Amino acid sequence: FINPEYIFDIYNYTKIICQIFNYFHFLNFLEYSNKTYLYKYDIQYWNYYNDINHITNNASESFNNYLKKLFYKNPSFYELRYHLKREESLSYYNYKSKIEGVWKKKKKNINKN
């Protein structure tokens, strides 16, 4: 929960540190996060700074538990990146659906023949 006024400063500082210490893998992840969360989504939709309606982080904790179950062992950097990109695309589809007014998930049709 970071003040939105500081997000770009923190991003730039982190990028400089990564460049100084040659953290190339983290730089790739940082650039991905920049493109995805700082430009693709409006910050107000994922940052709850000073939002009294979201004083708990149940959604974050729930997602953290989901990720723990998804990664039963320590994944490699590329496994982690693959799964996070997959989750992000699902999240983006869900976000777009809600923007368009589709709030309920479609039920899967399961044949039990």
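For the reader, a short list of remarks on this structure follows.
- Treating r as the C-beta distance of E31 and N64 and R0 as 35 Å, the FRET efficiency rounds to 0.90.
- Proximal aspartates and glutamates relative to K15, as straight alpha-carbon distance under 20 Å, when same-chain residues fewer than 8 apart are discounted: E5, E31
- Stretched out straight at 0.36 nm per residue, the stretch from I99 to T14 would grow longer than its current Cα-Cα span by 27.4 nm.
- Summing +1 for each Lys or Arg and -1 for each Asp or Glu among the other residues whose beta-carbon sits under 13 angstrom from that of E79 gives +3.
Every number here is computed from the coordinates shown, using simple stated rules; none is lab data. Treat the numbers as computed from the prediction; the structure is a model and nothing was measured. Here Cβ is always computed from backbone atoms with ideal geometry, including for glycine, and neighbour counts include all displayed protein chains.
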